[in-house]
1. Please state which of the following conditions Arg191 fails to meet, knowing it meets all the rest: (1) crowded, with 20+ Cβ neighbours inside 10 Å; (2) closer than 19 Å to Val220 by Cβ; (3) not β-branched (Val, Ile, Thr).
2. Would you check which residues across the stretch 20-56 are surrounded by 13 or more Cβ atoms within 10 Å (Cβ to Cβ) and part of a loop (DSSP other than H, G, I, E, B) and list them?
3. Inside the stretch 202-231, can you point out the residues that are without any contact (Cβ under 8 Å) to a residue 24 or more places away in the chain and of a type in the set (Ser, Thr, Tyr)?
4. Report yes if Glu109 is in contact with an Asp or Glu (Cβ under 8 Å, 6 or more places away or on another chain), among the charged types (D, E, K, R), closer than 21 Å to Ser190 by Cβ and at pLDDT 95 or above, otherwise no.
5. Could you say whether any residue in the stretch 80-94 is acidic (Asp, Glu) and more than 12 Å from the chain's Cα centre (by Cα)?
6. Does Ser94 count as under 20 Å from Leu194 (Cβ atoms) and of a type in the set (Ser, Thr, Tyr)?
7. Tally up the residues in the stretch 111-135 that are part of a helix (DSSP H, G or I) and either aliphatic (A, V, I, L, M) or under 15 Å from Asp30 (Cα atoms) (or both), please.
8. Kindly indicate which of Met197, Met234 is among the aliphatic types (A, V, I, L, M), surrounded by fewer than 20 Cβ atoms within 10 Å (Cβ to Cβ) and either on the phi > 0 side of the Ramachandran plot or touching a residue at least 60 places away in the same chain (Cβ under 8 Å) (or both).
Amino acid sequence: MSRYIKRNAYESATPLGKLWELNPIWGVLDAAQREMAMNEVEVRRYRKGETIHHEGATPTHMMMLVSGKIKIYKEGAGQRQQIIRLLKPFDFFSYRAVVGGGGYNSTAEAIEDCTVYQLNKECFIQLLQHNNQFCFLVMQRMAGDLGNQEAQTVNLTQKHIRGRLAESLLTLRQHYGVDEDGVTIAMYMSREDLAGMSNMTTSNAIRTLSQFAQEGIVSVDGRKIKILNEAELMKVSRIG
């Protein structure tokens with residue numbers, strides 16, 4: 001079960017940070033709007049593997065990840081997950097469903113323990129309607145997410161297995177960065193999730209990753225993956 005904290009923003013939000021300290025989009029709100037948002041924001045803590053929202057459910061809040069990692073996925077045939085987006089701290093999610101209406105078209109699940117700021121739908125819509133700059137920045141973010149998903153669709157439908165897995169590894173490194181050694185992807189993803197991100201079966205993901213390791217492109221230690229030959233991995237991704 002998620003843990004819920006209702007906050008008086010200016011007292012209890014400080015340890016986690018005010019909205020505009022965490023994501024500059026909130027910085028365009030005026031003083032009254034900031035106070036309204038922080039007085040309405042809620043904090044929920046989710047444990048690894050816990051569902052944050054289900055596909056088809058009616059949205060009640062827009063959300064921003066504060067700490068941890070989240071995957072957004074759609075469930076296909078045989079309950080196989082197709083990961084369509086990965087979130088890092090201070091990313092928005094759930095806001096498209098709030099603005100567009102209808103139910104969620106995907107499911108959000110915590111990949112690791114995480115903390116989420118949730119702003120109720122009514123407050124978020126009011127901010128969009130009364131602050132043009134805030135509305136424009138949210139639209140920019142939404143357009144960027146849409147563009148990334150379109151590019152991902154092309155990659156997953158036109159590339160072969162090796163190209164899809166190479167693209168996923170490069171995306172993980174770009175999105176989450178690397179550990180202090182400069183080569184280990186700072187996202188320890190299960191083989192099932194790596195397969196879901198690459199639109200392949202788990203067995204194919206394991207086999208292809210092993211091939212990359214044998215070729216000296218990566219090294220694998222459990223869930224830790226090091227990119228040893230970035231140029232070659234980019235070449236595999238490019239040629240598909």
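The values are calculated or read from the model by the stated rules, or taken from the named source; none is laboratory data. All values derive from a computational prediction rather than experimental measurement. Virtual Cβ from ideal backbone geometry, glycine too; neighbours counted across all protein chains shown.
1. (1)
2. Answer for the stretch 20-56, where residues must be surrounded by 13 or more Cβ atoms within 10 Å (Cβ to Cβ) and part of a loop (DSSP other than H, G, I, E, B): Asn23, Leu29, Val41, Arg47, Glu50, His54, Glu55.
3. Answer for the stretch 202-231, where residues must be without any contact (Cβ under 8 Å) to a residue 24 or more places away in the chain and of a type in the set (Ser, Thr, Tyr): Thr202, Ser203, Ser210, Ser219.
4. Values: in contact with an Asp or Glu (Cβ under 8 Å, 6 or more places away or on another chain): yes; among the charged types (D, E, K, R): yes; closer than 21 Å to Ser190 by Cβ: yes; at pLDDT 95 or above: yes.
Criteria met by Glu109.
5. Looking for residues that are acidic (Asp, Glu) and more than 12 Å from the chain's Cα centre (by Cα), one finds none in the stretch 80-94, hence no.
6. Values: under 20 Å from Leu194 (Cβ atoms): no; of a type in the set (Ser, Thr, Tyr): yes.
For Ser94, the condition - under 20 Å from Leu194 (Cβ atoms) and of a type in the set (Ser, Thr, Tyr) - is not met.
7. 12
8. Details: Met197 fails: surrounded by fewer than 20 Cβ atoms within 10 Å (Cβ to Cβ).
After applying the criteria, what remains is Met234.
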